[in-house]
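Bear in mind that the values in this text are calculations on the coordinates, not laboratory data. None of these values were measured; they are calculated from a predicted model.
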Amino acid sequence: MERQHVQRLGRIVRAAPGKRAARLYYLYVRDSAEDAAYLPGQPGEAASFPLRYTLLDDSFSDGLYEYAAGELLRASQARGNPEARRAELRRCLAEGLPRGDYLLPDAVLAEAARKCPDRHGKNYWMTMHRLHREFSSGDDAVEA
């Protein structure tokens with residue numbers, strides 16, 4: 001099991017032309033035979049985030065993410081943004097939850113938004129950048 005994990009991780013993080021970032025989703029089922037050795041808190045751990053899966057509605061959730069997303073939506077409404085703009089924001093937030101892009105470094109998020117050729121993609125990366133600001137503290141927090 002450990003050897004397979006290391007090989008899989010090596011394939012994912014291996015450099016490739018045009019590759020900006022890599023993701024490995026490791027799903028751990030509590031009270032199972034699954035090896036918990038790769039859970040958060042391990043030395044040298046990469047960025048991780050906990051998601052809860054609800055079978056009844058086939059969805060993922062994360063309380064902190066949803067709180068920050070709600071704050072962005074409330075701020076958008078308070079600024080008087082039209083419903084179409086808030087709908088696009090909701091769409092970007094829904095896409096971002098399982099992807100965890102808001103955990104990427106500030107510079108990567110800013111560059112992705114700048115280089116994205118289509119409007120929705122640009123909106124997505126700008127939304128993740130704003131969420132990053134909500135979650136960040138310390139080293140790569142966005143400067144005012």
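Below is a table of values for the structure above.
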item	result
Stretch gain in nm, segment residue 74-residue 99, where the contour uses 0.36 nm per residue and the Cα spacing is subtracted	6.8 nm
For residue 59, distant residues with modelled amide H under 5 Å away	54
Gain upon complete extension [residue 61, residue 3; 0.36 nm per residue less C-alpha separation]	17.8 nm
Added length on full extension, which subtracts the Cα-Cα distance from 0.36 nm per residue, residue 85 to residue 122	12.0 nm
J(HN,Hα) series, region 68-80, from Karplus relation 6.51 cos²θ - 1.76 cosθ + 1.60, nearest Hz, glycine and proline x	4, 4, x, 4, 5, 5, 5, 5, 4, 5, 5, 6, x
Convex hull volume per residue for region 43-136, taking Cα atoms only, in Å³	119
Placed amide H near residue 136: partners under 5 Å, 5+ positions off or other chain	none
